[in-house]
Amino acid sequence: MTDRALRVLFTSAGRRVELTRCFRAAAGKLGLGLEVHACDLDPELSAACRDSDARFAVPRCTDPAYVDVLLEYCAANAIRLLVPTIDPELDALASAAPRFAAIGTTVHVSSPETIAVVRDKALTAATLAEAGVPVPRTTTPEAVRDGAVDWHWPAFIKPSGGSASRGIGVVRSAADLAPSYPEPMILQELLEGEEYTVNIYVDRDGALRSVIPHVRLSVRAGEVEKGRTVRRDDIEDVARRIVEALPGLRGVACFQLIDDAARGLRVFEINARFGGGYPLADHAGGRFAESLLASISGGEECASNSWTEGATMLRYDAAVFV
């Protein structure tokens, strides 16, 4: 490790080796020295941590000590950029971003107000619908059981604050609803059609710089396994409306939509962070990682809408050997 390298910390790094390598490649294009730091609950058993230049253990992101542990590490190691990789840590990191800035660390995170919206799927649907973004019809199991809404089946059920495909499923009738759930849930009309992930980049001034949709040809464990970039003006228009609806959105984000045969485009998920399918957007020429590193090092953001349509990603299992 060298004191002259730009140091980036990836939190909850897990298996995100592809993401860290995108940053290494981006630094090379910029002529920057890059030092990759990574943390996880058990860094010795994290592929991304073992593939990094430095690794350390942290408590769960829901632990009150989580932010303080990260602050201490960033201060001691002169971390310039902190990149979160999972949804549950965004709330705490967005709120603490000024504390990190005070020690010279930029957290790649949107405003607390924006994170509050995207972390609540019911609020996301309501906020986007009000802004004219097409979303699936949304309600709660309680509203259906109480007869407050006239609902049509089947429906899709998921935790309002869930992530990583946890707790999702199809409900065929009101009789299939549980008497109660351990966390707030939402019901949405069941959509059928091609599913897309759309990677976007919003610059420091709030301008939408890049929109890169890819069709999800195959999905495994909630992440795209096979995908192909496509250009669609209607999806770009949806992206612009989302950015207008969430004025505090900054940097990299992604959203998912389905092009339903009967209803058209419907947005059902927003992640205000690097998504699991970002490496495809990077390969296509989006330059998101490069843009962040350029900005941190005093240069101009370079995320671009000049990317390659038809770029295809076919993932396979790989291993980090120790």
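Would you mind working out the magnitude of the charge dipole of the chain relative to its Cα centre, with +1 at each Lys and Arg C-beta and -1 at each Asp and Glu C-beta, to the nearest 20 Debye?
Approximately 580 debye in magnitude.
Run the quick spin-label model on Ile296 and Ala221: label points 7 Å from Cα toward the beta carbon, then report their separation in nm to one decimal.
Simple spin-label model gives 2.5 nm for this pair.
Pairing the Cα long axis of helix 17-30 with the longest principal axis of the chain, what angle in degrees results, from 0 to 90 and rounded to the nearest 10?
50 degrees
Let me know the charge dipole size of segment 240-315 about its Cα centre in debye, to the nearest 20, where only the beta-carbon of Lys, Arg (+1) and Asp, Glu (-1) is charged.
So the magnitude is around 220 debye.
Any idea what log10 I(q)/I(0) is at q = 0.13, 0.16, 0.23, 0.28 Å⁻¹ for segment 127-201, Debye with uniform C-alpha scatterers and no solvent?
Summing over Cα pairs of segment 127-201 leads to -0.44, -0.65, -1.23, -1.51.
Using a simple spin-label model with points 7 Å from Cα along the Cα→Cβ vector, what separation in nm is obtained for Ala76 and Asp205?
According to this spin-label approximation, the distance is 4.1 nm.
I'd like the Kirkwood hydrodynamic radius of the chain, using the inverse of the mean 1/r over distinct C-alpha pairs, in Å.
Roughly 20.4 Å, rounded to one decimal.
Go from 0 up to the bin containing the longest alpha carbon distance in segment 6-109, width 10 Å each, and give me the % of pairs per bin.
Binned Cα distances yield the sequence 16, 52, 30, 2.
Taking 7 Å along the Cα-to-C-beta vector as the label spot, tell me the Glu130-Glu44 distance in nanometres, rounded to one decimal.
The two pseudo-label positions are separated by 5.0 nm.
Sequence neighbours fewer than 8 away in the same chain don't count; with that in mind, list the lysines whose C-alpha is under 27 Å from Lys29.
Lys226
Can you list the GluC sites (Glu not before Pro) in segment 227-322 that are in a DSSP coil and have 13 or fewer other beta carbons within 10 angstrom?
Listed in order of number, the matching sites are Glu300, Glu309.
Given a cut-off of under 8 Å on Cα pairs at least six residues apart, what relative contact order in percent is computed for segment 137-189?
49 percent
Give the percent of DSSP beta bridges with both residues in the chain that are antiparallel, rounded to the nearest 5.
75 percent
Compute the length gained on full extension between Glu244 and Tyr316: take 0.36 nm times their separation in residues and subtract their Cα-Cα distance, giving the result in nm to one decimal.
22.2 nm
Along the principal axes of its C-alpha atoms, what lengths does segment 261-322 span, in descending order and rounded to whole Å?
Principal-axis extents of segment 261-322 (Cα, largest first): 48, 37, 24 Å.
Tell me the relative contact order for the chain as a rounded percent, counting alpha carbon contacts under 8 Å between residues six or more apart.
Contact order relative to length: 16 percent.
Give the range of the longest stretch in the chain that excludes all trypsin sites (Lys or Arg not before Pro) found in loop regions by DSSP and having at most 13 other beta-carbon atoms within 10 Å.
The segment 205-322 is the longest one with no such site.
Can you give the FRET efficiency for Ala262 and Val69, using 1/(1 + (r/R0)^6), R0 = 41 Å, r = Cβ-Cβ distance, to the nearest 0.05?
The pair Ala262/Val69 has a calculated efficiency of 0.25.
FYI, it's all coordinate maths here, none of it is from the lab. The structure presented is a predicted model; accordingly, all values stated were derived computationally and were not measured. Ideal geometry is used to build each Cβ from the backbone, glycine not excepted, and the neighbour counts take in all protein chains shown.
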